[in-house]
Each structure stands twice: as structure tokens, then as C-alpha cells.
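Trainee: Structure below; questions to follow.
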Amino acid sequence: MLKNILLWFICLLVVSPAKAQTPVPVTKFSTIQRLVDSNRFEMVYTIATTHHSFYLQPGTPYSDQNIRITRDSAFVIIQDSIAAGYLPYFGSGYFIPQTGMKGIVFYNKMFDQTKSVLGKGPRQSIAYRFTVTGQEDIYKISIDIRHNGQCYMFVNGLKRAPISYVGQIVEKVE
């Protein structure tokens, strides 16, 4: 119960419209690498992609549906060994997001954490992976942070269909 209260408090601080800090996208790879190496960074997401198939007509599969989400309603924050996040969930059979406590919510210590720099030259990226226990599930999260700050996150849970998000790594400025 204390974790629930703490998570909602963090959510209110992060997405409160009265806050003095504004998230600014980070686009310089050296800054991105410094933030990731320090294990203190935040990502906001604006597109969710479901990974289940719909059959609109026999023999015509439609899959990987992109869904726009508001910038302040989907985020992941990494602080040292703790990961906190709130992500709306669009699973199979849902046409509206599962939000609130039905979304993907976690605030816990990360385990099985790995990070590595991929590629050479100006188009490097960072592969950041970890597992975290949420309120309803255990999530295996893989994040690909590109040279320009674009983030591609893939979330696999034990109880839900996989989902991915597209967003941006950000810094807070006053």
C-alpha cells in the first residue's frame, strides 16, 4: 500500500501542470550517454504499438497498430537502481487504454540490468535492458536509445501481450 501511495505521489510530481520543470528533449549523444551511465534519466513516450493481430476480413491480417498518447501520460524514470513508470496499456480486445492501476505501473528495484553502446561513429545507440516487478506483473523491459534521443521501448509481461512505445529521452530544466 505504501508503494502505491509513493508511486502516485511520484506521478503527481512528474506530470503536475504546475511544476516549474519542463522536459526538454536531449539530442546530443554524449549527453545521452552521460545520463544513461549515471542511471539518472527520464523518458516520455508518445506512441504505443500493440503486437496482436486483428482479422478484419478472412485472410487479411492487420497488426502492429500505432496509437498516439499524450506526452505527459506515459513515462519511465530511472534513478540509480530504481525504475518508476506509468504506461497506458492497449492489449488485445481493448479499444480504449487501460489507464490508472490497469495500465503498466511499476516502482521497484531493477534486476537483470544491462546496458551497452551499439554501433560506431555518429549513429551510435544504447541498448538498456532490465526486469522490474510491477503491481500486477513482472516486466522485462528493453529500451533502444538512439543517437538523437529517440527511444524505442519494448515491454513484455508475464500476464499480458507485449507492447512497445516510441518516445524521447528528456532532461528537466527550470
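Trainee: If I stretch the segment between residue 129 and residue 37 completely, what's the gain in nm (0.36 nm per residue apart, minus their alpha carbon distance), one decimal? Each step should come with its number before you reach the end.
Mentor: Values: separation 92, 0.36 × 92 = 33.12 nm, distance 1.30 nm.
Length difference between fully extended and current span is 31.8 nm.
Trainee: Now, a different point. So how do 34, 146 rank on accessible area, 1.4 Å probe, biggest first, that is with the largest at the start?
Mentor: Sorted by accessible area, descending: 34, 146.
Trainee: State whether segment 127-174 is rounded, prolate or oblate according to the following rule on the C-alpha gyration tensor (a ≥ b ≥ c being the square roots of its eigenvalues): a/c under 1.5 gives rounded; otherwise a/b larger than b/c gives prolate, and the remaining case gives oblate.
Mentor: Working: a/c = 2.54, a/b = 1.82, b/c = 1.39.
Taking the square roots of the gyration eigenvalues as a ≥ b ≥ c, segment 127-174 is prolate.
Trainee: Return the aspartates and glutamates within reach of residue 120: Cα separation strictly under 16 angstrom, same-chain partners fewer than 8 residues apart disregarded; answer none if there are no such residues.
Mentor: Reachable aspartates and glutamates: 144.
Trainee: If r is the Cβ-Cβ distance from residue 68 to residue 120 and R0 is 41 Å, what FRET efficiency results, to the nearest 0.05?
Mentor: Working: r = 34 Å, r/R0 = 0.82.
My answer for the efficiency is 0.75.
The values are calculated or read from the model by the stated rules, or taken from the named source; none is laboratory data. Keep in mind that this is a model prediction, so the values were computed, not measured. Cβ coordinates were reconstructed from backbone atoms using ideal geometry, including for glycine residues, and neighbour counts include every protein chain displayed. These accessible areas exclude ligands, DNA and RNA; they are computed on the full protein's heavy atoms, side chains included. Shrake-Rupley method; radii C 1.70, N 1.55, O 1.52, S 1.80 Å.
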